[in-house]
Structure formats: C-alpha cells, structure tokens
C-alpha cells in the first residue's frame with residue numbers, strides 16, 4: 001500500500017501522517033452506544049420451531065465502528081446467500097426470537113422486495129438498515145431490538161423488531177425513520193409478533 005493512499009492524511013505542514021508514524025491515532029476505535037450480535041440461520045424449507053432454533057448460530061458480537069466494518073467486509077453478502085437464509089443483527093443479550101423477553105410484547109416493521117428488482121441493491125439496503133440501528137438513528141432507540149434480512153425464492157424481506165407494539169406514536173416514529181434511512185420505495189407494514197391485524201387499517205409508512 002502506497003504511503004500517499006487513503007490511509008494517509010495531510011498534516012498542517014503538508015506532510016503526510018500515516019499509520020507508521022502515528023500508530024495510536026490510526027488504531028483508535030470508536031465505540032457504539034450498544035453492543036450488537038450478528039446471528040445466522042438457514043433451517044431449510046421443512047423448518048419448524050425445533051429445527052429453526054437448532055439452526056440459529058451466534059456469529060459475533062461487536063461494539064465499535066471499526067469492528068462492525070471488519071465483520072461486514074468479511075461475511076457473505078446478502079445477495080449470495082442461499083434460499084431460506086436469514087441474517088439477524090440484535091442488541092447483545094437479545095435473541096432473535098419472539099420468545100425472548102425483549103421481543104415478546106413487541107412487533108416488527110417489514111417490507112418485501114422482489115428479487116428480480118432488488119437483487120443488485122439488497123446489499124446496500126441491508127447495510128443502510130444495519131447502520132441506522134448501530135448508529136442510533138431512531139428517536140426511540142430504546143424500543144429497537146434488532147433487524148433481520150431474509151432471503152426467499154421470490155423476494156428479500158427486511159424487518160425491524162421493536163420492544164413494544166401498543167404505542168402507535170412510537171411505532172410510527174420508528175417506521176418513518178427506518179424508511180427514510182433505508183431510502184427505498186415501497187410500503188413498510190407493522191405487525192405485533194403474536195397477532196394478525198384483522199380489523200381496521202394497518203399501520204403503514
């Protein structure tokens with residue numbers, strides 16, 4: 001790597017400061033407000049509650065900006081995952097399952113994206129979704145549990161899980177922020193984890 005490449009920054013006297021003469025600053029890490037755990041699963045077409053949980057793998061936990069990029073740059077991209085695969089990025093200590101105490105009273109904002117229209121964009125969409133979470137982009141950040149990207153035969157699904165599902169104002173604020181941060185066309189729908197909205201107009205953004 002050349003000395004005058006992207007790692008080099010000019011100092012006040014126009015000389016370049018590099019990792020070689022300032023290792024402390026170049027190795028500094030920037031902490032996140034929360035620690036986050038990345039999970040993966042692919043239970044296959046014949047999944048049920050038992051084999052789904054068995055297929056769920058905890059990959060790594062990180063708590064700095066630099067460690068996030070280290071993880072992201074060294075895992076398989078979403079567009080290359082096999083059908084039925086899911087990445088889950090949740091705050092440390094929260095499992096990506098409805099039964100977890102942090103999730104049991106919550107819900108999720110989700111959108112389905114046709115594979116034939118978003119195949120080349122899904123990696124950036126998933127990246128922006130994760131950055132919104134780890135960067136604390138939400139006014140009600142404490143209500144955000146984690147995010148999921150799911151790979152299916154006909155579509156990709158992005159979902160953000162929340163701690164609560166009974167406060168419309170909080171839920172709508174999170175939904176609007178998510179849509180703005182991800183920057184995609186389409187409608188996000190909110191649904192409590194253990195309920196199906198059968199009456200009235202669903203919450204959408």
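The values are calculated or read from the model by the stated rules, or taken from the named source; none is laboratory data. Because the structure is a prediction, the values reported are computed rather than measured. With ideal geometry, Cβ positions are generated from the backbone for all residues, glycine too; neighbour counts draw on all protein chains shown.
Here residue 176 clears all of (1) surrounded by 15 or more Cβ atoms within 10 Å (Cβ to Cβ); (2) in contact (Cβ under 8 Å) with a residue 40 or more places away in the chain except the condition numbered (2). Flag set for residue 90, criterion: under 18 Å from residue 181 (Cβ atoms), touching a residue at least 40 places away in the same chain (Cβ under 8 Å), touching a strand residue (DSSP E or B) at 6+ places or on another chain (Cβ under 6 Å) and surrounded by 14 or more Cβ atoms within 10 Å (Cβ to Cβ). With respect to (1) under 15 Å from the mean Cα position of the chain (by Cα); (2) within 19 Å of residue 152 (Cβ to Cβ); (3) in contact (Cβ under 8 Å) with a residue 40 or more places away in the chain, the lone exception for residue 84 is condition (1). Under the condition of being more than 21 Å from residue 62 (Cβ to Cβ) and buried (at least 17 other Cβ atoms within 10 Å of the Cβ), the residues counted in segment 113-131 number 3. Taking segment 64-81 as the range and being surrounded by fewer than 17 Cβ atoms within 10 Å (Cβ to Cβ) and either over 21 Å from residue 122 (Cβ atoms) or without any contact (Cβ under 8 Å) to a residue 12 or more places away in the chain (or both) as the test, the residues that pass are 64, 65, 66, 69, 70, 73, 74, 76, 80. All but one of (1) surrounded by fewer than 15 Cβ atoms within 10 Å (Cβ to Cβ); (2) modelled with pLDDT of 95 or more; (3) within 15 Å of the chain's Cα centre (by Cα) hold for residue 183; which doesn't? Answer for residue 183: the failing condition is (2).
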